[in-house]
Amino acid sequence: MPPESESLVVVVSGPGGVGKGTVVAELVARFPDWLWLSRSWTTRERRPGEAADAYEFVDREAFEARIASGGFLEYAEFLDNYYGTPTPEPPPGRDLILEIDVQGARQVIETTPDALLIFLMAPSAQEQEARLRRRGDPPEKVAQRLAKAAEEADAGAELGASVIVNVEIDDTVKQMEAVIRAASKSR
Ligand code: 5GP
C-alpha cells in the first residue's frame, strides 16, 4: 500500500489471547461501509470450530510461492507457521484494518509510516491464559503462546502504539472506533 494511498491503514496488534480477533470482527461488523478487513494467509492448521474463512489456509509451498512473487504486504513466522497479509486492495473510500503480530506491524510501519498502530492488551495474565485455553489450543501451545506474549508486549511498547486494554468488548470497540476516526479525519 503506497504511503500516498487514500485509505488509512490501521494495524491492530498485541499478544495472543487478548481478544484481537473478536474485537476487530465486531468493529468491522459495526462499520462495514467504512472499514475493510484484510484476510491473512497462514500455514497453520485450522482449529476445531474455527471458521473456514478465518484465514486463507494454505501449505508452505503455496505460501513460499507467493513470497517469491512479491504478493505480500508483510509476512512473518510465528511459532513455526507463516502468516501474511496479501497485497491489499480495499474498495475505494474504505479504511483498511490488519490484525497481525508485532513482527508484521514493524514491517507495515516501515513501508507505510502513516499507518495507525493499535496495540491491545489483556487485563491480566490470568485472563489471557483463560482466553487461550477457551479457544481450544492444546496445553503445550498455550504455554508457547504465553511465553511469546510477554515478548510481544515489550515489542509493542517500543513501537509507540496506542494501547487499549481489552476489559470489555463493547467498550474496547468504542475506544478503537474513536482512535481510528480521529486518525482518519486528520488525513
Ligand atoms: P493465530 O494462530 O492465533 O490465529 O495467530 C497467531 C498470531 O499471528 C496472532 O498474533 C495474529 O494476530 C497473527 N497474524 C494473523 N494474521 C497475520 C498476518 O497476516 N501477518 C502477521 N504478521 N501476523 C498475523
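Within region 49-64, does at least one residue satisfy the condition of being of a type in the set (Ser, Thr, Tyr), out of contact with any Gly (no Cβ under 6 Å at 6 or more places or on another chain) and closer than 19 Å to residue 137 by Cα? Before the answer, list the steps.
Applying the first criterion (of a type in the set (Ser, Thr, Tyr)) to region 49-64 yields 55.
Within this subset, residues satisfying the condition of being out of contact with any Gly (no Cβ under 6 Å at 6 or more places or on another chain) are 55.
Right, trim to closer than 19 Å to residue 137 by Cα and you get 55.
Yes, region 49-64 contains at least one residue that is of a type in the set (Ser, Thr, Tyr), out of contact with any Gly (no Cβ under 6 Å at 6 or more places or on another chain) and closer than 19 Å to residue 137 by Cα.
If the requirement is being within 13 Å of the ligand (Cβ to nearest atom) and at positive phi, which of these qualifies: 70, 136?
Working: 70 fails: within 13 Å of the ligand (Cβ to nearest atom).
Of the residues listed, the single one that is within 13 Å of the ligand (Cβ to nearest atom) and at positive phi is 136.
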Considering only residues of region 84-104 that are part of a loop (DSSP other than H, G, I, E, B) and more than 10 Å from the ligand (Cβ to nearest atom), which is surrounded by the fewest Cβ atoms within 10 Å (Cβ to Cβ)? 92
Is it the case, given these coordinates, that residue 139 is more than 17 Å from residue 15 (Cβ to Cβ) and touching a residue at least 60 places away in the same chain (Cβ under 8 Å)? no
Of residues in region 105-124 being outside any strand (DSSP E or B) and among the hydrophobic types (A, V, I, L, M, F, W, C), the one surrounded by the most Cβ atoms within 10 Å (Cβ to Cβ): 105
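Let me confirm something: among 155, 147, which residue is assigned to a helix (DSSP H, G or I), surrounded by 13 or more Cβ atoms within 10 Å (Cβ to Cβ) and of a type outside the set (Phe, Trp, Tyr)? Let's see the steps before the verdict.
Details: 147 fails: surrounded by 13 or more Cβ atoms within 10 Å (Cβ to Cβ).
Result of the check over 155, 147: 155.
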Find all pairs meeting these conditions: Cβ atoms under 6 angstrom apart; at least six residues apart or on different chains; first residue within region 70-99 and without any contact (Cβ under 8 Å) to a residue 24 or more places away in the chain; second residue more than 7 Å from the ligand (Cβ to nearest atom) and of a type in the set (S, T, N, Q). 71/87
Checking residue 127 against (1) under 25 Å from residue 34 (Cα atoms); (2) among the charged types (D, E, K, R); (3) outside any loop (DSSP other than H, G, I, E, B), which test does it fail? (1)
Residues of region 3-50 that turn out to be touching a strand residue (DSSP E or B) at 6+ places or on another chain (Cβ under 6 Å), of a type in the set (Gly, Ala, Ser) and free of Cβ contacts under 8 Å to residues at least 12 places away in the same chain, as a count: 0
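Could you grab me the full set of residues in region 35-52 that are under 26 Å from residue 174 (Cβ atoms) and at pLDDT 95 or above?
The answer is 35, 36, 37, 38, 39, 40.
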The lone exception for residue 77 - which of (1) among the acidic types (Asp, Glu); (2) closer than 21 Å to residue 22 by Cα; (3) near the ligand (Cβ under 10 Å from one of its atoms) it fails: (2)
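For region 158-168, give me each residue that is out of contact with any Gly (no Cβ under 7 Å at 6 or more places or on another chain), touching a residue at least 24 places away in the same chain (Cβ under 8 Å) and either hydrophobic (A, V, I, L, M, F, W, C) or farther than 19 Å from residue 114 by Cα (or both). Give the steps one after another, and end with the answer.
Of region 158-168, the ones out of contact with any Gly (no Cβ under 7 Å at 6 or more places or on another chain) are 158-165, 167-168.
Filter once more, keeping what is touching a residue at least 24 places away in the same chain (Cβ under 8 Å): 159-165, 167.
Those that are out of contact with any Gly (no Cβ under 7 Å at 6 or more places or on another chain), touching a residue at least 24 places away in the same chain (Cβ under 8 Å) and either hydrophobic (A, V, I, L, M, F, W, C) or farther than 19 Å from residue 114 by Cα (or both): 159, 161, 163, 164, 165, 167.
The values are calculated or read from the model by the stated rules, or taken from the named source; none is laboratory data. The structure presented is a predicted model; accordingly, all values stated were derived computationally and were not measured. With ideal geometry, Cβ positions are generated from the backbone for all residues, glycine too; neighbour counts draw on all protein chains shown.
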